[in-house]
Structure formats: C-alpha cells, structure tokens
Amino acid sequence: MQPQAYPPLFSHPHQDTTTTTTSPLTSHKTAKMAAAAPSQVAQSIPETQDPTIIALRTSLTTESTPLAQRFRALFSLKHLASQPDDSPQTLPAIQAIAAAFASPSALLKHEVAYCLGQTKNLVAAQYLRAVLEDVAEDSMCRHEAAEALGALGDTGSIALLKDFRDKEGEVDVVRETCEIAVARIEWENSEESKKEKLQQSDFASIDPAPTTAQNSTVEDLEKTLLNPESPLFLRYRAMFGLRDLASPPDLPTAVPAVLALAKGFADSSALFRHEIAFVFGQLSHPASIPALTAALSDTKEASMVRHEAAEALGSLGDEDGVEDVLKRFLNDSEQVVRESVIVALDMAEFERSGETEYALIPEAAGTAAA
C-alpha cells in the first residue's frame, strides 16, 4: 500500500512556507498541562490507537528504518502535532516525536527538537527542557532544544535558559542559543514588540528572532549582521530580515541580500554560521550555492555548520551540479555530515520529482518500516 499525501505540508525540512492551523498558546487546556509536572503531563497523554500515529512513530523510532524515511515520518508528525489542542492526534503526535530523543543519531534528535519548537504547543516544553539539562547530550541537540523553547515562547523556561546562558564553562553553541532564546521570549512579551511593524515574510516558520522593521535596507541589515559588537539577537534579526528581502527570488534585493548573508560565514561563531546555512536552506536561492559548497567542503569547519550546509544544498537539488557535490561527502568522517547528505540527497530527489509535499503519511502501520 502506497503512502498517502496529507496536505498541507511544507516542501522539505526547515522550509515552513505554509501556515498550519494551531490553537493559541493561552488556551486553557495547553496552559493547564504545561503547568503540570512533566510526569503528570506524560501520564495525561493517553496511549493512542490512531493507526497513522502508530505507523509514523514506528518509522521514526526504528533504528533500522532508512534515515530519509524517518525524516519524512518526523515532518508528518510535526504537522499532526501542530493541530488544535482539541484534536485527538495533537498530544499523541507530540509524544511520538519526543520518543525519538532516545535515538543515538544527533542529527535526528536535533531535528526532533526543532519540530517540537514549531508546534506552538507548550506541552512540548517538558521534553525540550530535559534535553537542554542533559549535559551528556550532544551540544547540537541541546542548542536546538534551547532554540525550540524560545520558539515556543515558554516564559516558564526563562530561568533555566538564563542558568545555561550564564553557566561558567558551558559550550558556546548552547550558551549563545540560550542568550538568543531569552531575548526572543522577552521581546515577544514586551511593549516594544506590540508597536513594531515588521516587514512581511514569506516564511511561516517560528524563527529564533523576529524579522526586522519595514523599510529596512540590505545595506543597513548587512552592517548589523556583520557587527560582532552587536547583540546576537539583533544580528539574528538582521539575518532574518535579509532572508525576507531575498524572497521571492526575483526581488531586486534578493541577490544582494543573499551575498550579504554569505559574508556571515566568516563570523567566529559556529552557531551564527550554522544559522546562515539554515536561512539559505529556507531560501533555496541559487546564488547561495557557492557559499554553501565552500562551507560543506571545508573539513575544518564545525560539523553543525557543514551539516546545515548539506541540507541547504539538498533544497537546491534541482540545480546543476548540486547532487554531485553532495555525493562527494557520503563517506565523510563526521557522522552528522554523512547523515545530512543522505537526507539532502532525498530532498534533492524530491525537488527533481516535482512533488508538492516532502512529508508523507502512511495509510496503515504496515507501511511504516517497509
């Protein structure tokens, strides 16, 4: 039995360009569950009998399932987890996603954290906090968990985020992410945010920082982006502002914005460089290919940057030469890079196929690990 497409889903990982219907974070049910202890929340989510969620969870959590198929299952579950609170699939889908934190794959776990942050559901916060607090966990996963707590706007996690932001000896990518997450949550709850008129964005993703004000110029945003003395939160805002000036790709500001973003690969922060690659993955603009290829090809570059560059190239898989570049790194010495190339090649195949949805939902459990 063939998988059944379940619209609306976005085209590939991280490129949320469609709006998913979700309930407000202030709904009584979500607020009540988020306030409960983690064990109480977990116990309050009944075991689902939904065959779709069971099949997707099986695909996602079975280590023998091909990685590309696990990613597709993950993004299908993300769609279900982003439904209104009163949907019987929402909470079981969140629980199914979180179950994948048991995987040994740092790449998969970091994507799991990202998806939980995009659900707009505070029930996901308990799982993300646990990952952030686990100092034995891969720093890329902990970073993504912190970023996801910021995306959720979880005010209940501010104290925890500040602790790791200020913790002596904490790894830079975690510390910097916590700094941005705190700033994002505080901005979201500030009077300033209510007054700002932000430039229009083609992307429905919940970003680590909001885009910039209307009438921002490429030149001004580039100055902020590349200023190491400016707070990371403001530099991230400039980054997403430049992204929005590069979409759609035929805007007169598109190529200059992409070239400005590419200069960010020279920054000293691996977190910052990885976010540049993430933005390029959202844009899928051909002008970013040289910079992404250089980042992936630099074996001295941080693996979290190279992995993100690989996935971004996957979103450009229908462009000449991109697939050949990716195949050169199928046997890379870094596991997270190897796995990212596998996912990227699957994305490239999707781009060439002309399909409209990257994630597919199987009709029955029997298709889960086929």
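The values are calculated or read from the model by the stated rules, or taken from the named source; none is laboratory data. Keep in mind that what you see is a predicted model, and the values were worked out from it rather than measured. Here the Cβ is made from the backbone with ideal geometry for all residues, glycine too, and neighbour counts use every protein chain on show.
Can you tell me which residue is nearest to Ser139 (Cα to Cα) among those in region 320-338 that are hydrophobic (A, V, I, L, M, F, W, C) and part of a helix (DSSP H, G or I)? Among those residues, the one meeting the criterion is Val336. Output yes when any residue across region 271-283 is part of a loop (DSSP other than H, G, I, E, B) and either surrounded by fewer than 22 Cβ atoms within 10 Å (Cβ to Cβ) or under 22 Å from the mean Cα position of the chain (by Cα) (or both), and no when none is. No, because not a single residue in region 271-283 is part of a loop (DSSP other than H, G, I, E, B) and either surrounded by fewer than 22 Cβ atoms within 10 Å (Cβ to Cβ) or under 22 Å from the mean Cα position of the chain (by Cα) (or both). Take the conditions (1) in contact with an Asp or Glu (Cβ under 9 Å, 6 or more places away or on another chain); (2) outside any helix (DSSP H, G or I); Leu242 misses just one of them, which is (2). Of the residues making up region 78-87, at least one is touching a strand residue (DSSP E or B) at 6+ places or on another chain (Cβ under 9 Å), closer than 23 Å to Gln49 by Cβ and assigned to a helix (DSSP H, G or I). From Glu275, Glu311, Glu301, Glu349, grab the single residue that is of a type outside the set (Lys, Arg), out of contact with any Pro (no Cβ under 9 Å at 6 or more places or on another chain) and within 23 Å of Ala68 (Cα to Cα). The match here is Glu349.
Consider Thr58 carefully, then state whether it is more than 17 Å from Met347 (Cβ to Cβ), touching a Pro at 6+ places or on another chain (Cβ under 7 Å) and at pLDDT 50 or above. Taking the combined requirement at face value, the residue does not satisfy it. Of all residues in region 178-210, those satisfying the criterion of being buried (at least 16 other Cβ atoms within 10 Å of the Cβ) and within 16 Å of the chain's Cα centre (by Cα) are Cys178, Ile180, Ala181, Arg184, Phe203, Ser205, Ile206, Asp207, Pro208, Ala209, Pro210.
Identify, please: which residue in region 290-319 is touching a residue at least 12 places away in the same chain (Cβ under 8 Å) and part of a loop (DSSP other than H, G, I, E, B) and is, among those, surrounded by the most Cβ atoms within 10 Å (Cβ to Cβ)? Step by step, filter region 290-319, then rank; the result is Ser315.
Within region 216-239, the set of residues being of a type in the set (A, V, I, L, M), under 19 Å from Phe278 (Cβ atoms) and in a helix (DSSP H, G or I) comprises Leu221, Leu225, Leu232, Leu234, Ala238, Met239. Summed over region 105-127, residues that are part of a helix (DSSP H, G or I) and β-branched (Val, Ile, Thr) total 2. Restricting Ser87, Ser103 to residues that are surrounded by fewer than 22 Cβ atoms within 10 Å (Cβ to Cβ) and at pLDDT below 95 narrows the list to Ser87. Can we say Thr17 is in a loop (DSSP other than H, G, I, E, B), modelled with pLDDT of 95 or more and either of a type outside the set (Ser, Thr, Tyr) or under 23 Å from the mean Cα position of the chain (by Cα) (or both)? No, not satisfied.
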